[in-house]
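Some notes on the structure that comes next.
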Protein chains: 2
Amino acid sequence: MPKTFRRIVMASRPRGPVTAENFRMETVDMRPLDDGEVLVRNHYLSLDPYMRGRMSSAKSYAASQQLDHTMIGGTVGQVVASRNDYFKVGEFVGGMLGWAEMGVSDGVLLRKLDTTRIPLSAYLGVVGMPGMAAWYGFNQILEAAAGDTVVVSAASGAVGSVVGQLARLRGCRVVGIAGGAEKCEYVVKQLGFDACVDHKAGNLEADLAAATPEGVDAIFENVGGACLDAALARTNAYARVALCGLIAGFDGKELPIKHSRLLLLNRLTLRGFIVTEHMEFWQQGLQELAALVASHQIKYRETVAEGLAAAPQAFMGLLQGHNFGKQLVKLIS
Amino acid sequence: MPKTFRRIVMASRPRGPVTAENFRMETVDMRPLDDGEVLVRNHYLSLDPYMRGRMSSAKSYAASQQLDHTMIGGTVGQVVASRNDYFKVGEFVGGMLGWAEMGVSDGVLLRKLDTTRIPLSAYLGVVGMPGMAAWYGFNQILEAAAGDTVVVSAASGAVGSVVGQLARLRGCRVVGIAGGAEKCEYVVKQLGFDACVDHKAGNLEADLAAATPEGVDAIFENVGGACLDAALARTNAYARVALCGLIAGFDGKELPIKHSRLLLLNRLTLRGFIVTEHMEFWQQGLQELAALVASHQIKYRETVAEGLAAAPQAFMGLLQGHNFGKQLVKLIS
């Protein structure tokens with residue numbers, strides 16, 4: 001048992017953009033395990049856009065991150081001590097232990113991970129919460145059929161990349177929206193999207209129109225704002241919109257939907273969702289995703305920051321779109 | 001057989017607000033009936049907000065109104081000549097004969113109306129298309145349960161008044177939004193809504209918040225813009241939005257949805273619909289509405305303009321909210 005470990009707490013709530021001052025690194029004492037408890041050394045932390053919402057005190061679907069508490073977040077790691085019969089030292093586990101080198105769990109929210117076919121880090125991405133968000137929104141909301149045109153924003157990201165590949169496997173025409181030529185090239189050449197529009201190129205509406213000659217039947221929205229409006233402008237009748245994220249709207253910016261009229265004219269159905277509220281699908285979804293990853297039918301990419309101290313900067317970069325694929329923090333080498 | 005009849009055609013497309021110059025009255029010759037045809041004298045014309053959309057050449061769900069053609073619209077009247085075995089002279093029928101004193105139909109879109117329990121004019125309102133829009137959106141989209149709070153905009157109108165009364169019969173708390181104190185008083189005292197907010201009073205968001213102490217579970221939207229945003233601001237988790245109309249957005253005004261973030265945070269489902277695309281529900285819906293009207297469980301109100309020449313002005317008034325309840329034009333005295 002180590003005597004101490006390091007963690008990062010939220011030191012203050014952001015006013016506008018997140019800054020380094022909103023975080024504080026602390027060294028805390030390890031306490032002895034109680035009966036039933038497990039000590040886990042975190043190998044990877046997950047950084048996700050939803051964390052920005054939690055840092056605000058505004059009403060949200062999730063409880064606010066508390067001041068001076070460990071930043072919440074998904075983790076994968078290895079059991080280093082256990083007083084729980086189900087978890088053995090050395091086993092790989094996923095949990096919600098937050099931005100910390102180690103964590104103690106009563107085991108309720110831990111699950112064992114099989115790393116024989118799937119790398120440990122992928123359980124925070126393509127076969128974890130982001131992958132499930134893609135799987136749920138695509139399968140339970142978009143109802144896309146072969147031949148439909150599907151638009152996915154943040155197309156190179158942890159969620160969007162999976163949505164697009166699921167849609168390709170379904171036989172849809174898939175058009176991504178991503179920030180920058182390099183991401184767009186990756187989305188088309190590596191992930192197999194039919195096209196990808198660079199929203200930084202300055203002609204989003206026109207470029208998306210050119211990439212969707214038969215209109216748009218389904219939108220998987222991770223960004224909001226101009227991305228969503230550009231996709232709405234191309235909708236066919238009865239198109240569906242799965243609203244998964246609005247990363248453009250962090251930092252308190254208003255994010256009006258300009259083309260509200262099209263929701264009526266094109267008889268659209270739009271649904272916002274939070275994947276953690278649909279746990280009944282997780283077993284099925286994660287099994288399907290794991291099989292697709294193991295057989296290389298779904299590819300993924302990671303951006304890995306090194307060491308706990310790098311987490312705040314990596315998180316700020318994620319909110320700016322500096323990451324390329326799933327943003328992780330690696331804690332052990 | 002009369003030798004001529006009068007009609008109103010669209011003389012030009014509106015640029016911005018509709019004006020009298022967009023219409024032209026014409027006298028046309030009556031032609032002999034072909035085999036299978038029916039001549040109907042219109043007793044009432046229906047005026048409806050959707051007609052504004054048709055007058056525009058912009059893409060819409062319905063074909064554009066053609067220049068120099070009779071303004072399209074629902075009608076009720078009486079058969080005055082028939083070469084169709086199914087329709088007899090003297091029978092009351094509903095149809096889509098447009099802004100005209102008379103019309104010839106091949107019978108396909110005519111239906112016989114039973115005026116023994118329901119007044120003829122009601123077939124253009126509470127037991128016609130507006131009533132069905134209310135019935136469909138309320139029953140097939142809002143999924144409101146007893147105890148839910150339902151917000152209805154244009155609450156005194158042909159659609160909103162029916163939505164609110166259906167919701168009251170379901171045991172919901174019903175809060176209307178209407179323009180002016182007189183309409184609000186009617187909505188509460190005559191229609192039995194729990195509350196009604198006057199959007200002209202200048203405190204829409206605050207007044208609606210006060211009227212919805214337990215938040216909002218379902219929104220039936222006829223107006224859009226500030227009305228929709230005020231209701232979205234009060235939504236509880238998993239609230240539903242039936243988007244039936246956006247009358248605030250005619251005349252080319254942008255109608256942004258300001259509170260787009262709430263669509264995600266509160267996991268809302270929003271669906272735009274056009275009731276004429278759901279004919280499979282009409283028989284059931286109209287039977288239910290007719291029974292409720294005949295037993296006085298649903299009340300309705302009409303604003304009746306007199307004579308064909310009054311139709312353009314009445315239509316412009318409708319778009320400004322000058323009507324009170326269903327706007328009709330009465331053609332025979």
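The helix-based estimate of mean residue ellipticity at 222 nm for chain B, built from -39,500 (n - 2.57) per DSSP H run of four or more residues and divided by its residue count, is -6500 deg cm²/dmol to the nearest 500. Starting from region A:48-101, pick out the trypsin sites (Lys or Arg not before Pro) whose DSSP state is loop and whose Cβ has at most 10 other Cβ atoms within 10 Å. Passing sites in region A:48-101 are A:Lys59. As a proxy for reagent exposure, ranking B:Ser260, A:Ser56, B:Ser57 by other Cβ atoms within 10 Å from fewest up yields B:Ser57, A:Ser56, B:Ser260. Here the residues B:Cys196, B:Cys184, ranked from fewest to most Cβ neighbours within 10 Å of their Cβ, fall in the order B:Cys184, B:Cys196. When chain A is treated as a Gaussian network with alpha carbon springs shorter than 10 Å, the biggest mean-square fluctuation among A:Gly202, A:Gly285, A:Gly73 belongs to A:Gly202. Does anyone have the angle between helix B:160-170 and the longest principal axis of chain B? Alpha-carbon axes, 0 to 90°, nearest 10? Helix B:160-170 and the main axis of chain B meet at about 60 degrees.
Ranked from shortest, the separations from the 7 Å Cα-to-Cβ label point of A:Glu21 to its equivalents in the other copies are 6.0 nm. In this simple spin-label model, placing a label point 7 Å from the Cα along the Cα-to-Cβ direction at both A:Gln140 and B:Arg117 gives a separation of 4.3 nm.
Each residue in B:His278, B:His199, A:His296, A:His322 was given a count of other beta-carbon atoms within 10 angstrom of its own, and listing them fewest first yields A:His296, A:His322, B:His278, B:His199. Placing a pseudo-label 7 Å from each Cα along the Cα-to-Cβ vector at A:Ala62 and B:Lys189 gives an inter-label distance of 5.2 nm. Counting charges near A:Met1 (Lys, Arg +1; Asp, Glu -1) among other residues having Cβ under 15 Å from its Cβ returns a value of 0. Rounded to the nearest 20 debye, the dipole size of the protein assembly as shown about its Cα centre is 400 debye, using +1 on the Cβ of Lys and Arg and -1 on the Cβ of Asp and Glu. With the label put 7 angstrom out from Cα along the Cα-to-Cβ vector, B:Gly147 ends up 4.6 nm from the copy partners, going from closest to farthest.
A:Tyr238 label point (Cα plus 7 Å toward Cβ) to equivalent points in the other copies: 2.7 nm, shortest first. For chain A, the relative contact order comes to 17 percent (Cα pairs under 8 Å, sequence separation of at least 6). Counting charges near A:Glu182 (Lys, Arg +1; Asp, Glu -1) among other residues having Cβ under 13 Å from its Cβ returns a value of +2. In this structure the amide hydrogen of B:Met10, modeled in the peptide plane, comes within under 5 Å of the amide hydrogens of B:Asp68, B:His69, B:Met71, none closer than 5 places in sequence on its chain. Of all the options A:Glu280, A:Glu143, A:Glu26, the one that moves most in a Gaussian network model of chain A with Cα springs shorter than 10 angstrom is A:Glu280. Rg and Dmax of region B:132-246, both derived from C-alpha coordinates alone, stand at 12.0, 33 Å. Counting other C-beta atoms within 10 Å, and keeping those with at most 14, which DSSP coil chymotrypsin sites (Phe, Trp or Tyr not before Pro) do you find in region A:278-333? Those that pass, being in a loop and sparsely packed, number zero. Annotation for A:Met279 and B:His69: the two label points, set 7 Å from Cα along the Cα-Cβ direction, are 5.7 nm apart.
As a ratio to 2.2 N^0.38 Å, the alpha-carbon radius of gyration computed for region B:1-121 takes the value 1.12.
Taken together, the values in this text are just the output of simple stated rules run on the coordinates, not laboratory data. All of these numbers come straight from a predicted model, not from anything done at the bench. Because the Cβ atoms are built from the backbone with ideal geometry, glycine has one as well, and the counts that use them run over all protein chains shown.
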